[in-house]
Amino acid sequence: MESEITPPPKTDSSLQLPTRSETINYLALGDSYTIGQSVCETCRFPEQLKKALKNINLQNNFSLDIIAQTGWTTSNLISAIENKNPSAKYDLVTLLIGVNNQYQGVNFSVYEKGFPELVTKAISLAKGDKTKLIVVSIPDYAYTPFGQSYGDPTFISTEIDRYNAFAKSYCEANSITFINITDITRQGLNTTSLVASDGLHPSTDAYALFVQRLLPKAVAVLQN
């Protein structure tokens, strides 16, 4: 039975942002979970986060750039950043990557090398300030209709845990903000409204729940 639709994220009235004369630049790095496969363009989490930040202080202007594509591994994202060569102008950067390394059966050592490299690249794009970077955990696609019919769901979850444990440990060791949203996606079988129409990716509602967790951290970044 389908659960009730998740309400849109509420903006915490205690969250405040100073008014800036210059545009606030946000860069989102990732894969299908960042580009928002199977949801509308304004429904993906970076767009929802930008809107939530804007709503805190309507005087501010935000610019969002996304470097992400469905199917990208850490190696693909590294190549894309090198090819685009964006300027180091960003006030906020989010990084969510790794599911395709797992899904495509890439050796885990590739992630162990590639993830730290991407963190370094992300920090350099955030004006060299690691406090401007937020790393987001990898969703668990085992808790979707697709994941239930693809291979062994328990194995998928164990692998996702391994990737997230490495990322979290690396972030903690280097004083980088890490936000866990994996548990939200693990409600996907019981709360079907959290899964997009393709039966695999997070829905608009799921991304709204991501933003509830990301927003206070993003505000803290932009207050500095």
Please calculate how many Å² of accessible area segment 71-211 carries per residue, with a 1.4 Å probe and no DNA, RNA or ligand atoms counted.
-> 40
Karplus-derived HN-Hα couplings along segment 214-224 (A = 6.51, B = -1.76, C = 1.60, θ = phi - 60°), whole Hz, x at Gly and Pro | 6, 4, x, 5, 5, 4, 4, 4, 7, 7, 7
Once normalised by the length of segment 37-113, the mean sequence separation of its alpha carbon contacts under 8 Å that are 6 or more apart gives a contact order in percent of 23
In whole percent, what relative contact order does segment 98-223 give with Cα contacts below 8 Å and a gap of six or more residues?
-> 26
For 82-88, 118-124, 101-107, ranked highest to lowest by mean beta-carbon neighbours within 10 Å, the order is 118-124, 101-107, 82-88
Once Cα extents along the principal axes in Å is worked out from the coordinates, which option in [x] 60, 41, 30; [y] 52, 41, 29; [z] 50, 36, 32 does it equal?
-> [y]
Those Cys residues of the chain for which no other cysteine Cβ falls under 4.7 Å = Cys171
May I ask you to order 196-202, 19-25 by the average number of other C-beta atoms within 10 Å around their residues, highest value first?
-> 196-202, 19-25
Of the listed pairs Lys121/Lys168; Lys113/Lys168; Lys132/Lys168; Lys50/Lys113, which have alpha-carbon separations greater than 23 Å here?
-> Lys50/Lys113
Quickly rank 49-60, 165-176, 206-217 as a protection proxy: mean count of other C-beta atoms within 10 Å, highest first.
-> 206-217, 49-60, 165-176
Segment 135-212 and segment 85-100: distance between their alpha carbon centers, rounded to Å = 19
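The values are calculated or read from the model by the stated rules, or taken from the named source; none is laboratory data. Bear in mind that the values here come from a model prediction, so they are computed numbers and not experimental data. Note: ideal-geometry Cβ built from the backbone for every residue, glycine included; neighbour counts use all protein chains shown. Just so you know, the surface numbers come from the protein's heavy atoms only, side chains and all, with ligands and any DNA or RNA stripped out. Shrake-Rupley method; radii C 1.70, N 1.55, O 1.52, S 1.80 Å.
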